[in-house]
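A quick write-up on the structure given underneath.
Derivation of every value follows stated rules applied to the coordinates shown; laboratory data play no part. Here the structure is a predicted model, which is why all the values come from computation and not from measurement. Glycine gets a Cβ as well: all are built from the backbone with ideal geometry, and neighbour counts include every protein chain shown.
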Amino acid sequence: MSSTFRTLVIAVITILLSLGTLCAQTLPSTERYGIFGGYNINFHSADFRALPGVPNCCPKFESGSGGGIAFGALYETALTRKFWLTFQAGFATLDAALNRKEYVPALRVADDYYFPEAEINHRIVTQVSTMGLAPMITANPVGGLRFHAGMEIAFLGGIRYDQVEEMMVEGLVFKENLKRTRNEYSGELGNVSSVQASMVLGTSLEFPLNRSRSMFIAPQAMFRIGLTNLVESLSWKSNSFEFGIAIKFAPQATPPTTIERPSSPQVIIPPPVADVPSKETVKIPTTPMFDYQTYGVSEKGEQFTLNEIRVEEFISTQLKPLLPYVFFDEGSSEIPERYVQITPQSKADFMRSSMINLSTLNVYYQSLNIISKRMTENPNSILKITGCNAGAADENSSKSISSNRTDAVRKYLVTVWNIATNRIKTESRGLPANASRSVEADATASDAENRRVEFTSDTPAILAPVVSRDTLRNAFPRTLRFASASDKQWTATFSSQGNVIASLTSKGKTVEWHPGDYAASLGESVEVSGNAEGWVPAQSTIPVELLTLRRKREEQMADKTIDKYSLIVFDFDRSDLSPQNKSIASIIKNALTPQSKVSIAGTTDQLGDATYNRKLSLDRARATANALNLQNAELTGDGESDIFPNTLPEGRFYNRTVVVTVETPK
């Protein structure tokens, strides 16, 4: 308690005591005036994953605790000898800290060691203040003992928060940002519930401070149970236990000199009020209500009634292949800006372990640094760089531009990473040995793929895939179908945890959505809004069941690992496996067990005929299954893919891939 508050309390007590000494009457008082103050022990009950508009990876906040103060004024008036009507008006702080422990993957800074499960704490510290009025019925069964029950209506002054997610073990960092903390935010929350309602239960015990019983001190305990949420869009309530003291002044009644018999009360019967017909008329909306049906779609394409989306977490090893090419712009030998280039001073900060959180394409754009780092770790390795050109247009089969491209890459490896020149072999040629060739009149795409520098090495580790072990989220069903009876084009908007995560336009009467693409953003439900021009939008909510690694461990559910391997560098219009792909196939074979379930899906780029590409993708899947000696693998040829941008040569190469998924029970 501050010195200012203590001074104010002493002054008020002195004034009330002075007033009490002026009262010479001893008749029982039927009124009380006073002040109160105390300390709050706050208990927050919650059921949310994140504050509105504030990123957070917490599975769910469920409770919080903290302390605060409460002070104000009170008034009491007697209803009968045993019951009083009490009013308390005052200020209270309902601060609390919400905490939730979780286990997530982490890295140890000292040696880049990967921990699949490390303890972290999700913490939100809140500052909440209210001004409220609490009318209560007070029972006075005996002496100074009082019991209180009522309601409080309070105005919420605002909620300030400080949020952080922190590793609990010193030396461990999040793999996403290589720091001990993440998602650090603070500020003022919006969309708060400005009016708060609470149930109040309590007790107090009055002790007189003077002989005239005009002054009382009353220790009191009040329990407030929150009935409304602190934030409109969240399940989050505040409860408090207040321990305090009230100082009361009880003015004494002056005895009357004469007693007058009260006259009979005059009863006034108001005249009946005639019913006034309402001038308002009910308007029937003329705008039609949009409507759609929601279905799940199985992997076999069968449609079924959807009850919920299930999102399950698995430990997953993901192999991201390193495309051994660097592509150049037409007529240029400068390394394009999309390839990440660092300075000699910053190479010490480059860690291959930081690649685990990057997408496949962003890992590829680090290939110059990954190859250089591996060269330093394998000092006896030799790297061969072969420069190529498109053999067309202004390049005109010239080897000089191929040589210049080779020199640009070699210069980067030597000047930035200090790779000895005798460890780098170079060659220049026109078209690549396995050139891309277009059957179309427009050869722009194949030319772009041939303008490249190729890497080969006598040490397989130099060009080996980047392997990461991470948490994977899968969603079932993989496809949701929303069907409308209307022929009008319409839009479906998907939201979760207060954020819009996707917006799709119908093809014909249906919209198909793949929740697995947004699994990391899904909360406990998905809100869907269907809208067509000239119609009233339709709203629906789809529950989401989250099966986290922690929940499966605590509830002893059956679990499995899901590992994904990608094979790329398929030659243009070819399905046989390259030496690099055979090396990856060997890694996959070593990871298989008799219990493993294997699915193999082939894809192509978007060049050429779609029907032919679907056959080519299935041929690549079959070739991979043969290399793995698998007879019972599930094979699919998905045809043309747009997972990676088909406008870039590297995107088309990464779309010419086979993905091998291995599910192994634990």
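Assorted remarks:
- Percentage, to the nearest whole number, of Cα pairs in region 459-503 over 11 Å apart: 82 percent
- Separation between Cα centres of region 33-87 and region 620-666, rounded to whole Å: 58 Å
- Straight-line reach from residue 488: taking Cα to Cα under 13 Å and skipping same-chain neighbours fewer than 8 places apart, the aspartates and glutamates in range are 291, 533.
- In plain terms, the chain from residue 155 to residue 191 could stretch by 11.6 nm, reckoned as 0.36 nm per residue minus the Cα-Cα distance.
- In degrees, nearest ten, helix 3-21 long axis to first principal axis of the chain (Cα): 20 degrees
- Only the Cβ atoms of Lys and Arg (+1) and of Asp and Glu (-1) were treated as charged; on that basis the dipole of region 62-135 about its Cα centre amounts to roughly 580 debye.
- Mean ellipticity per residue at 222 nm, deg cm²/dmol - from DSSP H runs of n ≥ 4 across the chain, formula -39500 (n - 2.57): -5000 deg cm²/dmol
- Stretching residue 615 away from residue 418 to a fully extended chain increases their span by 66.3 nm, per 0.36 nm per residue minus the current alpha-carbon distance.
- Total charge dipole magnitude, the chain, about the Cα centre, Cβ charges on Lys, Arg, Asp, Glu only, Debye to nearest 20: 1520 debye
- Using R0 = 60 Å, the C-beta based FRET efficiency linking residue 376 and residue 162 works out to 0.90.
- Pairwise FRET efficiency - residue 556 versus residue 461, Cβ, R0 = 51 Å, nearest 0.05: 0.80
- Label-point separation, residue 493 to residue 41 (7 Å along Cα→Cβ), nm: 4.6 nm
- By the rule of a C-alpha distance below 17 Å, with chain neighbours fewer than 8 residues away ignored, the aspartates and glutamates paired with residue 560 are 117, 312, 313, 470, 663.
- Above-threshold pairs, the threshold being 23 Å between Cα atoms, out of 82/248; 175/589; 597/666; 300/552: 175/589; 300/552
- Percent of Cα-Cα distances greater than 39 Å, calculated over the chain: 55 percent
- Working from label points 7 Å from Cα in the Cα-to-Cβ sense, the residue 573 to residue 304 distance is 4.3 nm.
- Projecting the Cα atoms of 586, 538, 570 onto the charge dipole of region 529-589, computed from C-beta unit charges around the Cα centre, puts 586 farthest toward the positive end.
- Rounded Å value of the spacing that divides the Cα centres of region 534-596 and region 153-202: 34 Å
- In a fully extended conformation the segment linking residue 485 and residue 101 would gain 133.6 nm over its present Cα-Cα distance, using 0.36 nm per residue.
- Whole-angstrom Cα spans of region 112-188 along principal axes, big to small: 70, 28, 16
- Cα→Cβ-extended label distance, 7 Å offset, between residue 599 and residue 147, nm: 6.3 nm
- For region 449-513, applying the loop criterion from DSSP together with a ceiling of 16 other beta carbons within 10 Å to the GluC sites (Glu not before Pro) yields no site.
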